[in-house]
Amino acid sequence: MIEVIDVHKRYQTDHGPGPWVLRGVSLRIPPHTNVGLIGHNGAGKSTLLRLMGGVDEPTRGQVRRNCRVSWPMGFGGGLQGTLTGRQNAKFVCRVHGHENDIADRLAYIQDFAQIGAAFDEPVKTYSSGMKARLQFALSLAFDFDIYISDEVTSTGDAAFQKKAAAAFKALVHRAGLIMVSHSDATLRQFCSAGIFLHQGQAHWFDNIDDALAAYKQGVPA
């Protein structure tokens, strides 16, 4: 379960504190629930994902992760640019205590990411799509209770998108999923519930279709 408790978030700018992106967001995401984050550009979807994944911290409030949560798949951070993809993957394997089966996990990551010889090149030379593929493969190589995805299904060519979709379908049966996507069809395919972000506030819907309807109307029900 992930609990978001009265979370406020804004970022520092060159002129001081910026506007509030999130204002008093409180949510409880139950285990084995697939949730779509919905909102206009700038509504705070990726910000909320990063907070729930532990990549960022609230300005005020608290996020409690009472389960194993993946880093946001599709998020470009978390990789050391001067290290190769393989070296980054080895480091993550060791952090998660998989010293004894590193070779098998590296083989899985390399095969799934489909970045070819670039796996042995510095990550700083990767395109954003290549980084997203590697992050996605890294996440799937380990068991989490909740996986977090930021537009991963739109990454890469049609073959990789199909592969990513199949991986998400497999996750549905063993873990929860929190997803950002601009595709209504993708959200309906993988998510049962929805969170509509509007003017810094988060509105929970048990049904993803109701969340999409609120988004299209521009106001929460």
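The values are calculated or read from the model by the stated rules, or taken from the named source; none is laboratory data. In this text the structure is predicted, and so the values were computed from the model without any measurement. Here the Cβ is made from the backbone with ideal geometry for all residues, glycine too, and neighbour counts use every protein chain on show.
Figures for the structure shown
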read-out: Odd one out for Gly54 among (1) surrounded by fewer than 22 Cβ atoms within 10 Å (Cβ to Cβ); (2) touching a residue at least 40 places away in the same chain (Cβ under 8 Å); (3) not basic (Lys, Arg); value: (2)
read-out: Cβ pairs under 6 Å, 6+ apart, first in the stretch 75-87 and more than 13 Å from Tyr126 (Cβ to Cβ), second modelled with pLDDT under 95 and among the acidic types (Asp, Glu); value: Phe75/Asp150
read-out: Residue within the stretch 67-90 that is surrounded by fewer than 18 Cβ atoms within 10 Å (Cβ to Cβ), within 18 Å of the chain's Cα centre (by Cα) and over 25 Å from Ser128 (Cα atoms) present; value: yes
read-out: Helices (runs of 4 or more DSSP H) contained entirely in the stretch 68-159, each with at least 2 residues that are at pLDDT below 90 and farther than 28 Å from Ile38 by Cβ; value: 85-95
read-out: Residue, farthest from the chain's Cα centre (by Cα), within the stretch 7-27, restricted to residues that are in a loop (DSSP other than H, G, I, E, B) and of a type in the set (A, V, I, L, M, F, W, C); value: Trp20
read-out: Condition met for Ile102 (β-branched (Val, Ile, Thr), surrounded by fewer than 16 Cβ atoms within 10 Å (Cβ to Cβ) and in contact (Cβ under 8 Å) with a residue 12 or more places away in the chain); value: yes
read-out: Qualifying positions in the stretch 13-61 - among the basic types (Lys, Arg) and either modelled with pLDDT under 90 or within 21 Å of Gln135 (Cβ to Cβ) (or both); value: Lys45, Arg50
